[in-house]
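The structure under discussion appears below in the form of C-alpha cells.
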Amino acid sequence: MDEELPCAEVDGEAYFAMEDLGGEKPCEESDAEDVSCTESDAAGDMPCTESDAGGDMPCAETNPKEEAPRAESSVEGEMPGTDGNGEGEMPCAESDAKGEASCCETDEEEEPATEIPAASRRMYSISSPLRAIIRLRRRYRGQKKSRLHLELPREKPSELVHTRLLQRQLSLSRTGLYGPSVSLFNQSSFESSQYFTFDTSVEQCAMKKCRRKKNRRKSRLVLYPDKTKRYLPAEETSKAKRCLVLLIVIIFFQILNAIENLDDNLQKYDLDGLEKTMHREVFGQKAAVESIMELLKDYLATHIHSKPLVISLNGPTGVGKSHVGWLLAKHFRSIMDNDFVLQYFVMHHCPSGMAPLTCEIDLSKKISDMVTRAEIEEKIPLFILDEVELMSPVLLDTLSRFFEPNQTNEFLNAIYILISNIGGGEITKFVIQNASAEMLHQQRGVEELLSIVQPVLIDAHPLWKSADIIPFVLLEKTHVINCFLEEMRREGLYPDQKHVESLASQLSYYTTEDKQYSRMGCKQVVAKVNLL
Ligand SMILES: Nc1ncnc2c1ncn2[C@@H]1O[C@H](COP(=O)(O)OP(=O)(O)OP(=O)(O)O)[C@@H](O)[C@H]1O
C-alpha cells in the first residue's frame, strides 16, 4: 500500500507533470509507470491509454473534447472495468467481452505479460471504497477542468493547453511529488518561459476590462461636468417680450390698414378718372397735367397732413389754366358735395369797387366754413382761386395765412388752386427761345422754366413760396385746331376739317423756324365758333 497510495494520489496530475517535463511524451513512457496508466484507465479521463491503443496518438494530446465525454461516462459509472465489473475487477476483461478497444485491453496486448499482472495486482489490492474515492476525486477534477474551459471560451485552443499545463506545473511544485529538481525546474521555467507572459496577459486582460469599465464611468462623468447643469434650463416667459411682440403685430396691422386706406382714398376721389379726363380734354399741356395729378395723388392718399396743398397754375392767356380749374371743380363736385368745392373769381367775388376788408372777411369766412364742414365729414375741400393776379395785396396776405402749416387740422386738410397769368411773359419767352428743342415737354425743361418763373411769382407775393408752381406753356396751332373741333362738337356743329383749319389760321401766332404758337391760346375759339 505504501507504493500504491502515492500512485492513487498522483492520478492525472502525475501523468500531466511528466507530459510537461517531456513535452510530448508518448504513451509508452507514461505506461512505463504502471500505476498511472492503470489509474488513467480506471478513471476513464486520461487519453494516454487511447493513444496506446491507436499507437499513434501522443500522450500529450489532452483534447478537451475527448476528455469531457470520458469524465461524464466516469460520473455515470459506465466505464468498463468499474461499473461493468461490479466486484471491482479490472475493466479489461469486460471490454474484451464487448469487443471494444479499451485501454487496458490494448496495454495487455502490447505490454509484456510479466508486467501486467504486477500492475493489476497492485490495483486489485486497493479496496473498492478507496478506488471509488479516487474515481470521485478525478470526476470532480474533470468537472472543474470543464468549468475552466467554459469560463475562458474566447481563448485559443493552444492557449488553453498552455494555461492548463501551467496550472498543473504549479500543482506539482506544490505537492513536491517529483522532488526539488522538478519544482525548481518548474519554478524557473514558470518565471522565464512564455507561459508567464500569457498568464499575465490574461490578468492584464481582466485588468483592461476593469479599466474599460472605469473609463466608461469616467466618460459618463465627462458628459456631465461639475459646473454644468444636468437638466435643460426652464424657459422663462418674459412679459416684456410678449408685449413687444404684441406691439409689433399691432404696428404691422396699422401699417397694413393705412396702406388699404390709401387705396381707399384714391378710389374715393377717383383720381384715375380725373387723370383720363384731363389728358382727353386739355390740349398741349401734358407735362402740366401730369404734375397736377401727381400732386393730387400724393396729397389725397391720406387724410392727415402737415400743411395744405397749394398748386399755382401760371402761364400766358388762353392756354387752359381756367379750363383745368373748371375740370377739377366739375370732377370733385361729382365726387363730393358742392359744399366742399369753392370757385373764387376775383373779378366776380371781389370787384374793384368793393372794400378790400370786405373781400378779406368774405374769403376768410368762406374758407373757414368749408374746412370746418369738411373736417367733420373727413373730406378735403377744394378751393379754386382764379384771376389771382387781380387780388389786392391785403387779400393775398389773408390768403397766405391759410397756407401756413401752424394751424389746426381742418385748415391743413385743404387744396388750393391758384390760377393767374403772373409769369406768363417769362414762360412765353422761354418757349419761343427753346421752340426747336424737345426739352419743353421733358422734366429737364420744366425745371429750367420753373427756375425762371418762381422768382417772379415770389416777387409778386411771398405766398407763392409755399406753392407748387405748374407752368402752362404756349399752345401750338394743332392744339388750337383741336380746341375748335371740341368746341364745335360741344355746340353740335359738324366738324369740317378744312373749315376748322381756315378758322384756326385767322388767329395770330408766334412763328418760329418750324412751329406756330398761338398768342391768345384757345381764348378766341369760343368767340369764333359762336359766329358760325
Ligand atoms: N389747353 C387747352 N385745352 C383745351 N381747351 C383750351 C385750352 N386752353 C384753352 N382752352 C379753351 O379756351 C378757353 C379759354 O381758356 P382758359 O380760360 O382756360 O384760358 P386761361 O389760360 O385761363 O387764360 P386767362 O389767363 O386769360 O384766363 C377755355 O374755355 C377752353 O375751352
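The values are calculated or read from the model by the stated rules, or taken from the named source; none is laboratory data. What you see is a predicted model; the values in this text were computed from it and never measured. Cβ atoms come from the backbone with ideal geometry, glycine included; neighbour counts cover every protein chain shown. For accessibility, only protein heavy atoms count, side chains too; no ligands or nucleic acids. Shrake-Rupley method; radii C 1.70, N 1.55, O 1.52, S 1.80 Å.
Quick check on this structure: which one of 463, 457, 503, 475 is surrounded by 12 or more Cβ atoms within 10 Å (Cβ to Cβ) and more than 16 Å from the ligand (Cβ to nearest atom)?
Details: 457 fails: more than 16 Å from the ligand (Cβ to nearest atom); 503 fails: more than 16 Å from the ligand (Cβ to nearest atom); 475 fails: more than 16 Å from the ligand (Cβ to nearest atom).
Within the list 463, 457, 503, 475, the selection yields 463.
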**Asked** Hey, among the residues in the stretch 408-435 that are among the hydroxyl-bearing types (Ser, Thr, Tyr) and open to solvent by 10 Å² or more (accessible area, probe 1.4 Å), which one's nearest to residue 461 (Cα to Cα)?
**Response** 428
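Pick from 501, 426, 448: which is part of a helix (DSSP H, G or I), modelled with pLDDT under 90 and in the same structural domain as residue 355 (by TED's automatic domain parsing)? First the steps, then the outcome.
Working: 501 fails: in the same structural domain as residue 355 (by TED's automatic domain parsing); 426 fails: modelled with pLDDT under 90.
Sole residue among the options that is part of a helix (DSSP H, G or I), modelled with pLDDT under 90 and in the same structural domain as residue 355 (by TED's automatic domain parsing): 448.
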**Request:** Scan the stretch 509-518 residue by residue and report those that are within 15 Å of the ligand (Cβ to nearest atom) and more than 17 Å from residue 323 (Cα to Cα).
**Result:** 509, 517
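Evaluate the following for residue 362: is it modelled with pLDDT of 90 or more, in contact with a helix residue (DSSP H, G or I) (Cβ under 6 Å, 6 or more places away or on another chain), under 23 Å from residue 464 (Cβ atoms) and among the charged types (D, E, K, R)? Steps first, answer last, please.
Details: modelled with pLDDT of 90 or more: yes; in contact with a helix residue (DSSP H, G or I) (Cβ under 6 Å, 6 or more places away or on another chain): no; under 23 Å from residue 464 (Cβ atoms): yes; among the charged types (D, E, K, R): yes.
The answer is no for residue 362.
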**Request:** Return yes when residue 493 is part of a loop (DSSP other than H, G, I, E, B) and not charged (D, E, K, R) and no when it is not.
**Result:** yes
**Prompt:** Out of (1) touching a Phe, Trp or Tyr at 6+ places or on another chain (Cβ under 7 Å); (2) open to solvent by 50 Å² or more (accessible area, probe 1.4 Å); (3) away from the ligand (no atom under 16 Å from the Cβ), what's the single condition that is false for residue 444?
**Reply:** (1)
**Prompt:** Being of a type in the set (D, E, K, R) and closer than 30 Å to residue 258 by Cβ, is that true of even one residue in the stretch 349-360?
**Reply:** no
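To keep it simple, each residue is scored yes or no on (1) open to solvent by 20 Å² or more (accessible area, probe 1.4 Å); (2) in contact with an Asp or Glu (Cβ under 7 Å, 6 or more places away or on another chain); (3) in the same structural domain as residue 467 (by TED's automatic domain parsing); (4) among the small types (Gly, Ala, Ser).
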site: 283; (1), (2), (3), (4): yes, no, yes, no
site: 288; (1), (2), (3), (4): no, no, yes, yes
site: 308; (1), (2), (3), (4): no, no, yes, no
site: 314; (1), (2), (3), (4): no, no, yes, no
site: 329; (1), (2), (3), (4): no, no, yes, yes
site: 333; (1), (2), (3), (4): yes, no, yes, no
site: 340; (1), (2), (3), (4): no, no, yes, no
site: 348; (1), (2), (3), (4): yes, no, yes, no
site: 355; (1), (2), (3), (4): yes, no, yes, yes
**Message:** What's the number of the only condition in (1) within 15 Å of the ligand (Cβ to nearest atom); (2) over 30 Å from residue 296 (Cα atoms); (3) open to solvent by 60 Å² or more (accessible area, probe 1.4 Å) that residue 526 fails to meet?
**Reply:** (2)
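Within the stretch 506-523, work out how many residues are assigned to a loop (DSSP other than H, G, I, E, B) and open to solvent by 90 Å² or more (accessible area, probe 1.4 Å).
Restricting attention to the stretch 506-523, the residues satisfying the condition of being assigned to a loop (DSSP other than H, G, I, E, B) are 506-508, 512-515, 519-523.
Now drop any that are not open to solvent by 90 Å² or more (accessible area, probe 1.4 Å), which leaves 506, 513-514, 519, 523.
Residues flagged as assigned to a loop (DSSP other than H, G, I, E, B) and open to solvent by 90 Å² or more (accessible area, probe 1.4 Å) within the stretch 506-523 amount to 5.
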